[in-house]
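The values are calculated or read from the model by the stated rules, or taken from the named source; none is laboratory data. Source: prediction; values computed, not measured. Glycine also receives a Cβ, built like all others from the backbone with ideal geometry; neighbour counts cover every protein chain displayed. Note: accessible area is taken over every heavy atom of the protein model, side chains too, but ligands, DNA and RNA are not part of it. Shrake-Rupley method; radii C 1.70, N 1.55, O 1.52, S 1.80 Å.
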Amino acid sequence: MALSTSNTKPFSLTSLSSSNRQYWSIAQDPALASSFLQNADNYRNKDDNTSCFGVQHAKKYLEVCRNVLRNVVAEEEEDPFEGLSMIDTVQRLNIDYHFQEEIEAILRRQYVRYITHGEYGHHDELHVVALRFRLLRQQGYYVTPDVFNKFKDEEGKFNKDLSEDIEGLMALYEASQLNIEGEDVLDEAGKFCEQLLNAWEKDRDNINHAGVVGNTLGHPYHKSLASFMAKEFFDNSQGSSGWLNDFLQLAKMDFNMEIAQISKWWGDLGLAKELKFARNQPLKWYICSMVCLVDPDLSDERVELTKPISLIYIIDDIFDVHGTLEELTLFTEAINKWDFGTLDQLPEYMKICFKALYDITEEISQKIYQKHGSNPLDSLRKTWASLCNAFLVEAQWFALGQSPKSKDYLENAIVSSGVHVVLVHSFFLLGQRITEETEDLVENMPGIISSPATILRLWDDLGSAMDESQDGRDGSYIEYYMKEHQDCSIKDAREKVVNMISDAWKRLNKECLSPNPFPATFTKASLNIARMVPLLYNYDENHGLPSLEEHVKSVLYESASM
């Protein structure tokens, strides 16, 4: 696809257009929404005996699966690969939240063995070493990539004999996605595996095997959303026996039970009734909260997080479409002061929007206070102020015909992406309090937030996803960078952005290693926003998102119909 370097709407949580049905047809698909809600209501209102049977059946499989993992924990001399394989399976099926204690016990023992003996045990197979490396790093344990040097030849390059070890190459490619700055061996491993796997995939007639390899290359676990990829893993594993079949059955039941937990949010939002111009796309907004907070027991938190996400979209429309610069300046001032008194000169829709923002923020703060004992109102207000300040800067650039430096553009665009607002709300909804260690979460932009925001913003600047309804009010990093560097080609500019995205992933990977001041659920929310980006970026020629829509239908619709 050709890249336009002008009038490109930078990607944010708001960049999917409301004016063109092709952009997000699923969000306005009444048949899908009706089926989704009907199935959810049917499941929730099932006959008590039937419902009770389903719960008991699910508990049975849960206990069977938990005992399988507990047996691995109890065995002193277990086959290390079996435990790792089980952990990989439950994570890919998106049911790992059931087994956090067992997973931690298995990986903790693996890590202790590593630091004690300096090796991963007696297994020298590449796929075992790579899988263990990936799982330990995902858990926050730092393990050195030097373990992969044993797979190099005398010249310091990865051994060509590995070309036929497809399972090992896939595992090593997956492991390379957790690299941090300065780990050249993992950069080298990723390129080595990608080249060999691409060649292998093209030469194979077996569509299923080639599909697995292609899926690994296109959607490595660490940079993908398990909730969207679980069904494909489930389908590829059908017909399995033993403990894998038990895990598959549990995953199938989880798909069904999730619908009952998420149906409530739809009716609770209600904002579209008050703001007639607002995008009426709660299904789309809910997807963002579902991506951030994936554990099924966080249903209430997902409902609450959907509300500020909807407000980000609405306020973005005000700045990009509806407001004059003078009105936007007064509107931003009101949000900074959190004061209705400055709204007298503004149009009615701005007053309604401010009241909605004010009421919802107060309501969420009170719910957090009642549940967790601390009131985050001041912190939430500051995040909204920072977002609107960033929106206003972009509006001023456009109104005054200014072309900012690429560095200044990106620094502001990281804030205007809305990631900061989503993650700060997530932080408090998860029950966390601001301490000395975490207060910069609100006041500044720590790496755990700025990294996924950078990834999100730059991904779209590689494409040409202009929101036609907004008349190109925003530029892109590539546009401003090429204006600064007149001799730079579009190819070189794109390559620079690709490298910047890679560097942001390395920073995020490092932020997720222990120790860090943030809880695991919050770290996972940050990771999941970054993982969501490729799905939101994968536009077709009509600026549609067919890949994402298929995943959403798979998760929300097909699971409800099972």
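Assess whether Glu411 counts as being acidic (Asp, Glu), closer than 30 Å to Glu363 by Cβ and assigned by the TED database to the domain that holds Glu363.
No.
Would you call Phe148 in contact with a strand residue (DSSP E or B) (Cβ under 7 Å, 6 or more places away or on another chain), buried (at least 18 other Cβ atoms within 10 Å of the Cβ) and touching a residue at least 12 places away in the same chain (Cβ under 8 Å)? When the stated conditions are applied, Phe148 does not pass them. Here region 485-519 is the region considered, the condition is being among the acidic types (Asp, Glu) and not in a loop (DSSP other than H, G, I, E, B), and the residue that is most open to solvent (accessible area, probe 1.4 Å) is Glu495. Before we move on, is Pro308 buried (at least 17 other Cβ atoms within 10 Å of the Cβ) and modelled with pLDDT under 85? Answer is no for this residue.
The condition of being over 20 Å from the mean Cα position of the chain (by Cα), surrounded by 21 or more Cβ atoms within 10 Å (Cβ to Cβ), at pLDDT 80 or above and of a type outside the set (Ser, Thr, Tyr) holds for Cys353. Only helices (runs of 4 or more DSSP H) whose full extent lies in region 23-124 are considered here, and the ones with at least 2 residues that are farther than 20 Å from Asp297 by Cβ and modelled with pLDDT of 55 or more are 48-74, 80-92, 100-117.
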